[in-house]
Amino acid sequence: MTAPATTDLEARFFAAFGRQPDGVWQAPGRVNLIGEHTDYNEGFVLPFAIDRTARVAVAVRPGSAIRLLSTYGDQGVTTADTASLEAGTAKGWTKYPLGVIWSLQQRGIDVPGLDLLLDSDVPLGAGLSSSHAIECAVISALNDLTGAGMGPEDMVLATQRAENDFVGAPTGIMDQSASLRGSKGHAVFLDCRDQSVQLVPFEAEAAGLVLLVIDTKVSHSHADGGYASRRASCELGAEVLAVKALRDVTPGDLEEASGLLDEVTFRRVRHVVTENDRVLQTVELLGQQGPSAIGDLLDASHASMRDDFEISCAELDLAVDTSRANGAIGARMTGGGFGGAAIALTPVSEEQKVRTAVVRAFAEAGYTAPDIFTVTPAAGAMRLA
């Protein structure tokens, strides 16, 4: 018996589970153009969905049993049960779809048993939000299959709860918002206090530019202590400064803040405050002059993350510095930090020079060869079949 599949993932699903899926859904990873560690401080971010996605084929099954399988690795089928999901117990990639199921249950949504097959080309551990791409594909599928009727804002909060309370990563709402609300040719200007979104045109090619992603191959994890300690510093800063969140501190307040905070906490606060300001400046410049005008802001963002927030690493700094020295008009690390990827906004005429120089610099430093590729703003999560 052969599978009458309309997508390759449907065919793989049929081969694995012996039946057709009820549908196929996809959600993209994201690149954050600027605005790092501002989301959980109720600030501003400017990510965009990228043309690399996680796809899930899903079918409802009787009872409460869950069967999970991915197309990468040789992990086999993982089984679970919707009636006995507990935070902190799932391992590997399965904690992301299981976390979404658990989060929906916490909202009172009845999630049936299901079979799920995952396929993804979002690089793992590169700071491009591979985990949120999985979660957003899964919640898109379950929102349809359960008839939950959630809008993007509710799906964002549900996936955030999955990350925070089930996976154990204290992340904000930027990644989910970009994945669920992205639009081709646009960055997503997100106010993380009220979830309001403005789509900002970002068409680098029309300006004679490409956005290079330099995956350093230094893997990171949002569930480790570095991310959590930075968030704790921000919360301490807001408490001492008597504000609801660091969003409410302006660059003009920093001089006074320096006298109230210890040196490390002040630098953490200064990054968030100045980064929020850089996001607003970037949005303004994109509207007035286009992508060619934002290079200096990208550079300043990286310096702030390197020196004030201290979330860069030697490989990221080398990628940024080498890109700038060889023709990029601006570069910065992107993502949560402690590894992952850098981005370099580069004239098309200098793209190959930058690529060659970065690869050579990594080899000379004895680092693992980076993966370098271009990304463009893509559409957000959707149903494929």
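The values are calculated or read from the model by the stated rules, or taken from the named source; none is laboratory data. Source: prediction; values computed, not measured. Neighbour counts run over all protein chains shown; Cβ positions are idealised from the backbone, glycine included. Note: areas computed on protein heavy atoms with side chains; ligands, DNA, RNA excluded. Shrake-Rupley method; radii C 1.70, N 1.55, O 1.52, S 1.80 Å.
Observations on the structure shown:
- Taking θ as phi - 60° and the Karplus parameters 6.51, -1.76 and 1.60, the scalar couplings of region 59-72 work out to 9, 6, 10, x, x, 10, 6, 10, 10, 10, 8, 10, 7, 10 Hz in sequence order, x denoting glycine and proline.
- More than 20 angstrom apart: percent of Cα pairs within region 1-122: 53
- In region 10-80, a dipole from Cβ-located charges (positive for Lys and Arg, negative for Asp and Glu) runs towards its positive end, and of Thr53, Ile66, Pro28 it is Ile66 whose Cα lies farthest in that direction.
- Rounded tilt (10° steps) of 95-106 against the dominant C-alpha axis of the chain: 80
- Point-to-point label distance, Asp371-Ala325, nm (Cα→Cβ direction, 7 Å offset): 2.6
- Counting only lysines at least 8 places from Lys95 when in the same chain, there are none with an alpha carbon closer than 21 Å to its own.
- Listed by chain and number, the aspartates and glutamates whose C-alpha is less than 17 Å from the C-alpha of Lys91, apart from same-chain residues fewer than 8 away, are Asp74, Asp81, Glu135, Glu163, Asp165, Asp224.
- Ranking Thr216, Cys192, Cys234 by how far each Cα lies toward the positive end of the dipole of region 191-286 (charges on Cβ) leaves Thr216 at the top.
- Label-point gap, in nm, between Asp165 and Glu205 - each point 7 angstrom along Cα→Cβ: 4.3
- Shown here is the pair-distance distribution of the chain: with all Cα-Cα distances grouped in 20 Å bins from zero up to the longest one, the shares run 29, 56, 15, 0 percent.
- Charge dipole of the chain (Cα centre as origin; +1 on each Lys and Arg Cβ, -1 on each Asp and Glu Cβ, all else neutral): 940 debye, rounded to the nearest 20.
- Region 367-381 - phi-based ³J(HN,Hα) in whole Hz, Karplus 6.51/-1.76/1.60, Gly and Pro as x: 8, 4, 4, x, 9, 10, 8, 9, 9, 10, x, 10, 5, x, 4
- Placing +1 on the Cβ of every Lys and Arg and -1 on the Cβ of every Asp and Glu, with no other charges, gives region 164-306 a dipole of roughly 320 debye about its Cα centre.
- Stretching the chain fully between Lys353 and Glu239 yields a gain of 36.3 nm (0.36 nm per residue, less the alpha carbon separation).
- Relative to the Cα centre, the charge distribution of region 256-385, modelled as +1 at Lys and Arg Cβ and -1 at Asp and Glu Cβ, gives a dipole magnitude of about 460 debye.
- Heavy-atom accessible surface of the chain, averaged per residue, reaches 38 Å², computed with a 1.4 Å probe.
- Top of Ile109, Ile311, Ile139 by mean-square fluctuation, Gaussian network on the chain, Cα under 10 Å: Ile109
- Shape call, region 238-385: gyration tensor on alpha carbons, a/c limit 1.5: prolate
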